[in-house]
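The values are calculated or read from the model by the stated rules, or taken from the named source; none is laboratory data. The shown structure was predicted, so the numbers you read here are calculated from the model rather than taken from an experiment. Note that each Cβ is placed from the backbone with ideal geometry, even for glycine, and that neighbours are counted across all protein chains shown. Quick note on the areas: whole protein, heavy atoms, side chains included, nothing else; ligands and nucleic acids left out. Shrake-Rupley method; radii C 1.70, N 1.55, O 1.52, S 1.80 Å.
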Amino acid sequence: MSNYHIKGLEEYYNVYRKSVNKPEEFWAEVADEHFVWRKKWDNVLSWDFEKPEVKWFEGAQLNITENCIDRHLLTNGDKNAIIFEPNDPKEASEHITYHQLSERVNAFANVLKAEGITKGDRVCIYLPMIPELAISVLACARIGAIHSVVFAGFSSSALAMRINDSNCKMVITSDGSYRGAKTIDLKGIVDEALEECSCTTSVLVAKRINSDINMKEGRDKWLQPLLDHAPKQCKAETMDAEDPLFILYTSGSTGMPKGMVHTTAGYMVNTAFTFKNVFQYQNDDVYWCTADIGWITGHSYIVYGPLANGATTLMFEGVPSYPDFGRFWEVIEKHKVNQFYTAPTAIRALAKENLDFVEKYDLSSLKVLGSVGEPINEEAWHWYNDNIGKKKSPIVDTWWQTETGGIMISPIPFATPTKPTYATLPLPGIQPALMDENGKELEGNQVDGRLCIKFPWPSMARTIWGNHQRYKETYFSAYENKYFTGDGALRDEVGYYRITGRVDDVIIVSGHNLGTAPIEDAVNEHPAVAESAIVGFPHDVKGNALYGYVILKETGEGRDHDNLRKEINQIITEHIGPIAKLDKIQFTSGLPKTRSGKIMRRILRKIAGKDTSNLGDTSTLLNPECVEEIMKNAL
Ligand code: WT7
């Protein structure tokens, strides 16, 4: 893995220039050296952002698991591929070598086949952060089944919606999960979801918490006995470069989540390339990303990117606060973690705790620190830099999205000088543009605009499952011939980018991407609710929290508002999950609307954020009187 392993700033600029001037040559070189191809490509890239249609490495054939597993067996078979650190520190951690991973993935792949899963079938994976999660993902990829991992914190109706949208034939789950001191009845949630899903005919159940669960005859099977009897070799399916590898749902501006489709070759090439450069992984390092595999960060930088590099990747089942707030630091000391990748919300939560929790542990193994998921504020950046990195480990503030598949804008450690709150420079092959509201590209420095990408990159999502029109409208219609990210950003005098936050109706809460529309839909399900509007407001740990404005059908004085608030949050928990609960709910008699009937969220955001000195232009409001009422009663 030597091609384009960038070690200095000048080298970065040289590689970057080449990647822009000769993108096809550049990506072909990256793809040429690192991977096992069954057949090389005929054409590196064809693209049309109008349709939109993007194809990378067309004509190539491969299997990603041969690159993530088989390829390392000869040279690195006894190296740890996965270190599993359980929720309870008293339970032993598990070390899975590449050999063992190979056997377990192959056995699992054979189980899938025996259950009737074939290439192109969709398999929903709803599992906690246990080894079976990574293994089932890889087993799907081994046989060409398309995995759709649903974060195991989503509710049964959110799960059902995702299963139905992509017609998953099978669900892989566990009896339950541990989360700090709590246990969660995952199988119960699956059972409830499947009442609404006729497409799913089989359920494989991993044993984790040994709870007494219901097994539905003819549908549900315990996983372990099947694995015990399965052969440990399974020929990898030959996949075309553009065959779908997985679907991963992300929220958007309507109630239906978007099933982002990632394909095989481009995704593999780019996640491997970015992992190597952004984390500067070296052969004996232990790398730890604290995300859940249920999110894109886990797909790309717990599973595929690290394993494609033959790295040792740590999977953590637990939470940062259990059994106490020192857990992350304890795990770093215990496994001598070299690269640590986490989210600003976790950093802010831990920075609030006593520094003794940090200082008890030896963090000297750390070399690179990463941040992802939302803008990292200056205070959190410094706390991370001073107390965790001891000012020696560069912080890589990595900007990217579910849709981009891999990291897009980030420092390269030891090459790019870091600057707090700046994601800094685009990685090779990535061509950002800042646009104004009228669709004009902003040139130069110190500008604030909407972040677009003007040239394809290999790991971009190719479509939204079953809805290509929505893909086009969401990402390729706002700006001609450009991919629109939905984020605002500014560029400083040396060309560094700082991501300022979403400019659409998506709110990032504790690093989770939440569309306001699905939450409003849930709130409106309450029989007493006539209408609602949800906005974000700044929160010192979560980054943003949710503020709901709710109009009731009848505004009787006698109503128990606190009870209503509880009921509304209960509905949200059932429809989406606890992460989408509202921190504040204000009942109001009206919502500010334009003459065309659109809610003016800008005003609601200002009121929720206690920033009412200048509400901006309100001349197009149909009902300005309600603004005063809302301001008077603001929470
Ligand atoms: C949105 C994508 C891909 C990682 C996990 C989130 C925000 C992500 C940063 C960063 C500022 C960031 C953006 C982006 N975001 N990383 N380093 N600095 N903002 O994936 O759920 O698809 O969310 O997260 O707003 O659009 P996601």
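Considering Glu493, Glu520, which residue is more than 14 Å from the ligand (Cβ to nearest atom) and more than 28 Å from Ala349 (Cβ to Cβ)? Step through it out loud before you land on a result.
Numbers: Glu520 fails: more than 28 Å from Ala349 (Cβ to Cβ).
Among Glu493, Glu520, only Glu493 is more than 14 Å from the ligand (Cβ to nearest atom) and more than 28 Å from Ala349 (Cβ to Cβ).
Counting just the residues of segment 292-336 that are in contact with a Gly (Cβ under 9 Å, 6 or more places away or on another chain) and hydroxyl-bearing (Ser, Thr, Tyr), which one comes out farthest from the ligand (Cβ to nearest atom)?
Tyr322
Please go through segment 544-563 and pick out each residue that is in contact (Cβ under 8 Å) with a residue 12 or more places away in the chain and open to solvent by 20 Å² or more (accessible area, probe 1.4 Å). So that I can check it myself, show each step before the final result.
Step one: filter segment 544-563 for residues in contact (Cβ under 8 Å) with a residue 12 or more places away in the chain, giving 544-555, 559, 561.
Asn544, Ile551, Lys553, Glu554, Thr555, Arg559, His561, listed by residue number.
Limited to segment 456-483, what total is found for residues that are more than 18 Å from the chain's Cα centre (by Cα), open to solvent by 30 Å² or more (accessible area, probe 1.4 Å) and hydrophobic (A, V, I, L, M, F, W, C)?
1
Kindly indicate whether any position in segment 86-104 is in contact with an Asp or Glu (Cβ under 7 Å, 6 or more places away or on another chain), open to solvent by 40 Å² or more (accessible area, probe 1.4 Å) and modelled with pLDDT of 95 or more.
Yes: segment 86-104 contains one or more residues that are in contact with an Asp or Glu (Cβ under 7 Å, 6 or more places away or on another chain), open to solvent by 40 Å² or more (accessible area, probe 1.4 Å) and modelled with pLDDT of 95 or more.
Between Asp487, Asp504, which is within 18 Å of Thr297 (Cβ to Cβ) and either outside any loop (DSSP other than H, G, I, E, B) or charged (D, E, K, R) (or both)? Please lay out each step first, then the result.
On the way: Asp504 fails: within 18 Å of Thr297 (Cβ to Cβ).
Sole residue among the options that is within 18 Å of Thr297 (Cβ to Cβ) and either outside any loop (DSSP other than H, G, I, E, B) or charged (D, E, K, R) (or both): Asp487.
Looking only at segment 524-543, count every residue that is open to solvent by 10 Å² or more (accessible area, probe 1.4 Å), assigned to a strand (DSSP E or B) and on the phi < 0 side of the Ramachandran plot and tell me the total.
Residues flagged as open to solvent by 10 Å² or more (accessible area, probe 1.4 Å), assigned to a strand (DSSP E or B) and on the phi < 0 side of the Ramachandran plot within segment 524-543 amount to 6.
Criterion first (without any contact (Cβ under 8 Å) to a residue 60 or more places away in the chain, over 15 Å from Pro257 (Cα atoms) and assigned by TED's automatic domain parsing to the domain that holds Phe537) does Val523 satisfy it?
On the way: without any contact (Cβ under 8 Å) to a residue 60 or more places away in the chain: yes; over 15 Å from Pro257 (Cα atoms): yes; assigned by TED's automatic domain parsing to the domain that holds Phe537: yes.
Taking the combined requirement at face value, the residue satisfies it.
Among (1) of a type in the set (A, V, I, L, M); (2) away from the ligand (no atom under 16 Å from the Cβ); (3) open to solvent by less than 20 Å² (accessible area, probe 1.4 Å), where does Ala349 come up short?
Only one criterion in (1) of a type in the set (A, V, I, L, M); (2) away from the ligand (no atom under 16 Å from the Cβ); (3) open to solvent by less than 20 Å² (accessible area, probe 1.4 Å) is unmet by Ala349, namely (3).
Suppose we filter segment 440-497 for residues that are more than 18 Å from Val20 (Cα to Cα) and in contact with a Cys (Cβ under 9 Å, 6 or more places away or on another chain); how many remain?
Number of matching residues: 4.
Among (1) within 16 Å of the ligand (Cβ to nearest atom); (2) more than 25 Å from Trp295 (Cα to Cα); (3) at pLDDT below 95; (4) among the hydroxyl-bearing types (Ser, Thr, Tyr), where does Ser532 come up short?
For Ser532, the failing item is (1).
Can you find a residue in segment 282-291 that is crowded, with 24+ Cβ neighbours inside 10 Å, assigned to a loop (DSSP other than H, G, I, E, B), touching a residue at least 40 places away in the same chain (Cβ under 8 Å) and away from the ligand (no atom under 16 Å from the Cβ)?
Among the residues of segment 282-291, not one is crowded, with 24+ Cβ neighbours inside 10 Å, assigned to a loop (DSSP other than H, G, I, E, B), touching a residue at least 40 places away in the same chain (Cβ under 8 Å) and away from the ligand (no atom under 16 Å from the Cβ), which makes the answer no.
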